[in-house]
Structure formats: structure tokens, C-alpha cells
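To keep things clear, I will list the structure first and then write my remarks on it.
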Amino acid sequence: EWFDGHALDKAFSMGIVPEKKIEETLAKLESSFKNLETESTIENAIIELNDFQDETLQNEYIKQKDQKILNDFIFPKLKNDLAIHASTVRWSGGDLIPGNILINERNEFRMVDFEFARKTHFHEEDWLRMYLFCNDEFRKIDFVQRKFQEVHPLFHSYFLIRQIMLNK
């Protein structure tokens, strides 16, 4: 379906959409995401992390010393401490950045670019990605700041490993 819109951050920067409407759009998106969540278990979150660990360690760019750090420190910490925060599962676009959300003058919006979409327990990564891959002006929006601050610190480690894997 054709959608005539602008990237969210560009629409904000160009003054097409005011901050209040950006906040409303992101709140609608958050609500939609929340409605997609289904209950899961810590055991299933750990299974997902085990699969992610296996995939990561098979990456030719992850050298032996890095593998040891990942195996001995990073993944055990993620499994012990992050998995308990992953009690739900939902679809994630895998690349939630302002440039992948289009908005028009009527404040209708569409998400685009689902190349990395997947069902995951670790969907908080979406908000971390939103914050890290936007311009400074967009980053100052209260909603964006709040969602970034709500992200559990261990998601930063998870996110960095995922980013390496997406760019292999």
C-alpha cells in the first residue's frame, strides 16, 4: 500500500509535525506493541538467548578471546539477570528507528522496513534502538528520553551483540 509520508524524525525537524503529535504517535505505537505481547516464561527467554548465543559464537568475526568473554561472562549474565525481565514475547520490527516510521500531515503513521523482524522476548531493544539511531533533536523528545531510561541496562549489552550480528 502506498503511503505518502515523511520519516518521523525528518517530519519533526522540518516542522511538519509538532512534538506533541510525535509523542502521541509514539504512544500509539507503544500501545500497539503492548497489545501484541503474550505471556511467556523465563525458560523460553533462556532458550531464545541460548539460540542467540549459538548463532553469535558461529559468527566468523567473533574471535576466540571474544568467544571466551561472551561464554564466560556476557551470556551467563544475560541469562541470569536479563531473562527475568523478559516475561512476554511479541513481534519486533528489529529496526525501530525514526526513519522507519512514516507520518503524514493527518498524523497517520506506518512502520516500514521489516528486514530484521522476529518474534522475541527482548523487544525492549526497540526503544534502545530508537534512542540511539535518531538525531539529537529527536532524542530530546520527552517520550524518547523516558523510553530510553526505562530500558534495563543489560539490554545495552544484548543490543550491542545484536547490532554486530545484524551487520555481519
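The values are calculated or read from the model by the stated rules, or taken from the named source; none is laboratory data. Remember, it's a predicted structure, so these values are computed and weren't measured experimentally. Every residue, glycine as well, gets a Cβ built from its backbone with ideal geometry; the counts of neighbours run over all protein chains shown. Accessible surface is based on the protein model in full, side chains and every heavy atom, while ligands, DNA and RNA are left aside. Shrake-Rupley method; radii C 1.70, N 1.55, O 1.52, S 1.80 Å.
Any residue that is surrounded by 19 or more Cβ atoms within 10 Å (Cβ to Cβ) and on the phi < 0 side of the Ramachandran plot - is there at least one of those in the stretch 103-113? First the steps, then the outcome.
From the stretch 103-113, those surrounded by 19 or more Cβ atoms within 10 Å (Cβ to Cβ) are 103, 109; that's our starting set.
The next check asks that each one be on the phi < 0 side of the Ramachandran plot; those that pass are 103, 109.
Yes: one or more hits.
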Hits in the stretch 4-16 - residues which are of a type outside the set (D, E, K, R) and under 14 Å from residue 99 (Cα atoms): 5, 6, 7, 8, 11, 12, 13, 14
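Just for the stretch 37-52: of the residues that are over 23 Å from residue 93 (Cβ atoms) and in a helix (DSSP H, G or I), which one is farthest from the chain's Cα centre (by Cα)?
Going through the stretch 37-52, the residues over 23 Å from residue 93 (Cβ atoms) turn out to be 41-43, 46, 50.
So of that shortlist, the ones also in a helix (DSSP H, G or I) come out as 42-43, 46, 50.
On the way: 42: 19, 43: 21, 46: 18, 50: 19 Å.
So the residue we want is 43.
Can we say residue 34 is among the basic types (Lys, Arg) and within 19 Å of residue 126 (Cβ to Cβ)?
yes
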When (1) free of Cβ contacts under 8 Å to residues at least 24 places away in the same chain; (2) open to solvent by less than 20 Å² (accessible area, probe 1.4 Å); (3) not aliphatic (A, V, I, L, M) are applied to residue 63, the one that fails is (2)
Does the stretch 14-36 contain at least one residue that is more than 17 Å from the chain's Cα centre (by Cα), of a type in the set (Gly, Ala, Ser) and surrounded by 13 or more Cβ atoms within 10 Å (Cβ to Cβ)? no
Within the stretch 43-52, is there a residue that is in contact with a strand residue (DSSP E or B) (Cβ under 9 Å, 6 or more places away or on another chain), closer than 18 Å to residue 151 by Cα and surrounded by 14 or more Cβ atoms within 10 Å (Cβ to Cβ)? yes
When residue 2 is evaluated against the numbered criteria (1) open to solvent by 70 Å² or more (accessible area, probe 1.4 Å); (2) touching a residue at least 40 places away in the same chain (Cβ under 8 Å); (3) farther than 30 Å from residue 80 by Cβ, which criterion, by number, is the only one it fails? (2)
Is there a residue in the stretch 77-86 that is out of contact with any His (no Cβ under 9 Å at 6 or more places or on another chain) and open to solvent by less than 30 Å² (accessible area, probe 1.4 Å)? yes
Can you tell me how many residues in the stretch 127-163 are farther than 14 Å from residue 22 by Cβ, open to solvent by 90 Å² or more (accessible area, probe 1.4 Å), part of a helix (DSSP H, G or I) and touching a residue at least 12 places away in the same chain (Cβ under 8 Å)? 1
